[in-house]
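The values are calculated or read from the model by the stated rules, or taken from the named source; none is laboratory data. In this text, all values refer to a predicted model and were calculated from it rather than measured experimentally. Here the Cβ is made from the backbone with ideal geometry for all residues, glycine too, and neighbour counts use every protein chain on show.
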2 protein chains.
Amino acid sequence: MNKKPTLFTSLSPALLHLTNLKDAIVVIIDVFRATSTIATALYNGATKVVPVAAVDECKRLGSQIPNAVTAGEREGKVIEGLQYGNSPAEYPREFIEGKTLVLTTTNGTKLLHMAFAMGCAEVVTGSFPNLNAVCEYLVSQNKNVVLGCSGWKDLFNLEDTLFAGAVIDRIHEQFAIHDDASLMAQQIYRLHQNNLFKFIQNTTHWHRLAAYGLQKDLHYCITPNVANVLPVFRNNELVVYQ
Amino acid sequence: MNKKPTLFTSLSPALLHLTNLKDAIVVIIDVFRATSTIATALYNGATKVVPVAAVDECKRLGSQIPNAVTAGEREGKVIEGLQYGNSPAEYPREFIEGKTLVLTTTNGTKLLHMAFAMGCAEVVTGSFPNLNAVCEYLVSQNKNVVLGCSGWKDLFNLEDTLFAGAVIDRIHEQFAIHDDASLMAQQIYRLHQNNLFKFIQNTTHWHRLAAYGLQKDLHYCITPNVANVLPVFRNNELVVYQ
């Protein structure tokens, strides 16, 4: 019998260094809203998504890359000098198809670059809109997996943990899982999988974003498989895995 | 109406700096087994418990303090040069009454000194054996509270989270609680409060310690209120709150 690959959940970027990333696939999870928006833009035909940490770099790349749009928000508003925001609803096919989205976000982008710098085998991004694509890919690769929750300014958050739990609940039989974070994530997900819309309204991030009138966005971000592609990070760009 | 004090849960020592410790009471939680053993020794009449990080300091203080016993384990065995281990079962009244326990542990002691160095108002220790004593004290003080899980080498663990959840489940009405970690901890606790002995056997720490034959110890450590005193940290010593 072949030995199963391992699966581990990191609940915060501040805990990522405790996991063994070598030769592992890292799934960057930032449900509200970076990785939901990334999946959506690519699903709707964006050529690629370029995730950047700094606003200045976002502007610079936006002016260099042909057919690019720049995007980023702080406190619910489009950042001055950028064109669009972080909402997946801003990127329907009729707008984003054939374009490059240069996206600056805080928590998710930071974690993505961290994981890449730490020498993992591959970085992909996940959220409920591309849940099945993530699960199918992980099962197909037979490599160790780290589910990396972006959190909020390094704090634990429930929406990313729920997504990690949703993945674990679907693929746990194919992996060796021996960490308490994964066990907790799966249990929290199972507890709320049938009332996710209601439960998520208790989380801190919901309260923060709902104050900006983003309830519809947040509902979309926890809806499974409505943008079911797999973004993979290659040459500093996220593209659809073919 | 008076404003309620806040309660926040830190899931790992590596996340403690994200909490506002100023003027807060920090509850150090290391269920397997440091804070269970501390409560037990003090409940059984130990004069004080001196928590130290280094083995050498443990030996030094053990030889300086009258009527002291030194204790510490690594990988299930008493550390060479020390006298006793980390098991609460080693400290019955007929042995420990009137003595000083100089205890070296890794995760719990580290967190205790961190919290103290970060300028909190007070450090107390908690585990299931002194659950009610912790809750009663926190409610009586009307101060902000941080529940500090020791984890395992900075990793999230379930047994400390379950204790945080048990505290929150009992006192949440007296506090303003707005963090996802506290919400998760309470939910995981509620899910398993009636099958705690069975559920805890799924955790990584159980597997680690059960391999050393410590099942009976672990059962004791998740039994509520069998050593119901409140250890408070004063002048580098833990003493019973009077």
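Structure summary
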| read-out | value |
| --- | --- |
| From B:Val167, B:Val146, residue being buried (at least 24 other Cβ atoms within 10 Å of the Cβ) and over 22 Å from A:Asp160 (Cα atoms) | B:Val167 |
| A:Ala211 within 17 Å of the chain's Cα centre (by Cα) and either buried (at least 20 other Cβ atoms within 10 Å of the Cβ) or not polar (S, T, N, Q) (or both) | no |
| Selection status of B:Tyr84, in contact with a helix residue (DSSP H, G or I) (Cβ under 9 Å, 6 or more places away or on another chain) and closer than 30 Å to B:Ser140 by Cα | no |
| Selection count, the stretch B:1-15, where residues are farther than 15 Å from A:Asp154 by Cα and at pLDDT 95 or above | 4 |
| 1 or more residues in contact with an Asp or Glu (Cβ under 7 Å, 6 or more places away or on another chain), within 14 Å of another protein chain (Cβ to nearest Cβ) and of a type outside the set (Lys, Arg): qualifying helices (runs of 4 or more DSSP H) within the stretch A:1-117 | A:107-117 |
| Single condition A:Val78 does not satisfy, out of (1) touching a residue at least 40 places away in the same chain (Cβ under 8 Å); (2) of a type outside the set (Phe, Trp, Tyr); (3) surrounded by fewer than 20 Cβ atoms within 10 Å (Cβ to Cβ) | (1) |
| Check on A:Ala117, of a type in the set (A, V, I, L, M), more than 26 Å from A:His219 (Cβ to Cβ) and surrounded by fewer than 22 Cβ atoms within 10 Å (Cβ to Cβ) | yes |
| Residue check for B:Thr70: over 13 Å from the mean Cα position of the chain (by Cα) and at pLDDT 95 or above | yes |
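Residue-by-condition table, conditions (1) buried (at least 21 other Cβ atoms within 10 Å of the Cβ); (2) farther than 27 Å from B:Thr203 by Cβ; (3) of a type in the set (Val, Ile, Thr):
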site: B:Val26; (1), (2), (3): yes, no, yes
site: B:Leu42; (1), (2), (3): yes, no, no
site: B:Val49; (1), (2), (3): yes, no, yes
site: B:Gln83; (1), (2), (3): no, yes, no
site: B:Lys99; (1), (2), (3): no, yes, no
site: B:Leu103; (1), (2), (3): yes, no, no
